[in-house]
Structure formats: C-alpha cells, structure tokens
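Working notes for the structure below.
The values are calculated or read from the model by the stated rules, or taken from the named source; none is laboratory data. Note that the structure is predicted; figures quoted are calculated from it, not measured. Don't worry about glycine lacking a Cβ; one is built from the backbone with ideal geometry, like all the others, and counts go over all protein chains shown. Protein only, heavy atoms only, side chains kept; ligands, DNA and RNA dropped before computing areas. Shrake-Rupley method; radii C 1.70, N 1.55, O 1.52, S 1.80 Å.
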Amino acid sequence: MNLTSPRRSGPNDDETTAPVELPHVLVTVAADGTLTATVDGTPFTSPDGSAWTRATFGPLMDAITQDRTIAVRVEVRESDGSVFTDILRTRKPRRAAAPSETPMPETRRSRHARRVPRLAEVTADGFVPGEDVAVATIVSHTDATGTGEARALIDLDDLPDGTHEVILLGRISGTLTVGRLT
C-alpha cells in the first residue's frame with residue numbers, strides 16, 4: 001500500500017529557471033545639477049540632445065521605463081557622495097471602458113457637466129488670515145490665505161442677469177469689500 005501522495009510539480013521544480021533581474025539605472029548628479037544616466041552600463045541620453053537636470057528627473061524616468069511599463073532598479077549618486085536606491089514598479093494597465101451600444105439620453109446634469117464655466121475673479125485684502133469670507137449674493141464661501149487675502153472665483157452663469165457687483169464679507173474681521181465683475 002502506497003502511503004505517499006503523488007508528487008506534484010511546482011514553479012520552483014524547474015532548475016532551468018533564471019532569477020528575475022531588473023534593468024539597473026544609475027543616475028549621477030553633478031555639482032551643477034546636471035544628470036548623467038546609464039541603463040545596465042549603457043549611456044542614456046536625452047532624445048533632444050539637451051542635458052538631463054534635476055528638473056527633468058521625472059521625464060528621464062518616464063523615458064527609461066517607457067512610461068512605467070518596465071520595472072527598473074534606480075540608483076542615484078549625489079555629488080556629495082550620498083546614494084539613494086529605489087525600484088520603480090510598473091503601473092497597472094488601465095482598461096478602456098467599452099463604448100455603450102445604446103446611447104444614454106442627455107440630462108440636465110450631463111449638459112451642466114459638459115459646459116465650460118465663465119468665471120470672474122474678485123480679490124480683496126484686510127481679512128484675518130484663515131477666516132471664512134462670505135461671497136454675496138451669497139453664491140459661495142472661501143477662506144482667507146495666510147496673509148489675510150481672499151479670492152473668489154464666480155461662475156457668471158450662476159448669477160442672475162444684471163448682477164455686476166459682489167460683496168466679500170469677513171466673518172471674523174467684519175471686513176466688507178464690494179467688487180465689480182468685469
């Protein structure tokens with residue numbers, strides 16, 4: 001009688017399987033902020049021939065990973081001798097939504113979402129930093145910035161016809177400003 005279960009093969013049973021190796025990206029930062037990049041020892045130059053800089057690090061990584069379709073191991077060597085390493089993984093592919101075979105009837109909400117708003121801006125100062133500022137007719141509210149300035153964007157299509165002035169009222173400071181919409 002056989003008391004052992006049959007042997008099942010698994011993914012680790014194949015001795016010919018090679019370990020996974022990620023492309024190695026080495027980025028060296030010069031004292032002036034320019035970057036030199038290599039992928040597995042091969043220089044990676046800018047497509048337009050300009051120098052890579054700290055400001056173009058993102059586009060550099062996008063170019064090397066082909067917009068994150070390839071995972072890579074990145075090593076950044078700073079001019080001060082410090083070294084940073086990371087693995088940039090691939091993005092999960094997004095599936096495009098299949099177009100509906102039966103078109104949805106247009107609703108008032110879908111028409112509203114599709115339209116482009118016509119905006120006007122009114123700014124004033126003298127408010128307490130962070131205070132709630134009422135925008136009258138009261139269409140909306142906004143907050144004052146850390147410097148005490150308030151800003152309101154008003155969709156002109158939300159205002160009744162003939163409205164040409166807006167009031168900004170500081171709820172704490174009592175600051176009241178009347179601004180003209182242009």
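Miscellaneous remarks
For every residue, the table says whether it meets (1) more than 14 Å from Thr28 (Cβ to Cβ); (2) open to solvent by 60 Å² or more (accessible area, probe 1.4 Å); (3) out of contact with any Cys (no Cβ under 9 Å at 6 or more places or on another chain).
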residue	(1), (2), (3)
Asp40	yes, yes, yes
Ser46	yes, no, yes
Ala51	no, yes, yes
Gly58	yes, no, yes
Met61	yes, no, yes
Arg68	yes, yes, yes
Arg73	yes, yes, yes
Glu78	no, no, yes
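- Selection of the range 130-144 for residues being surrounded by 13 or more Cβ atoms within 10 Å (Cβ to Cβ), part of a loop (DSSP other than H, G, I, E, B) and modelled with pLDDT under 85 yields Thr137, Val139, Ala144.
- Taken over the range 168-182, the criterion of being among the small types (Gly, Ala, Ser) and surrounded by fewer than 16 Cβ atoms within 10 Å (Cβ to Cβ) is satisfied by Ser173, Gly174.
- Among the residues of the range 76-86, the ones that are part of a strand (DSSP E or B) and either hydroxyl-bearing (Ser, Thr, Tyr) or under 15 Å from Glu21 (Cα atoms) (or both) come to 2 in all.
- Selection of the range 145-167 for residues being open to solvent by 10 Å² or more (accessible area, probe 1.4 Å) and within 28 Å of the chain's Cα centre (by Cα) yields Thr145, Gly146, Thr147, Glu149, Arg151, Leu153, Asp155.
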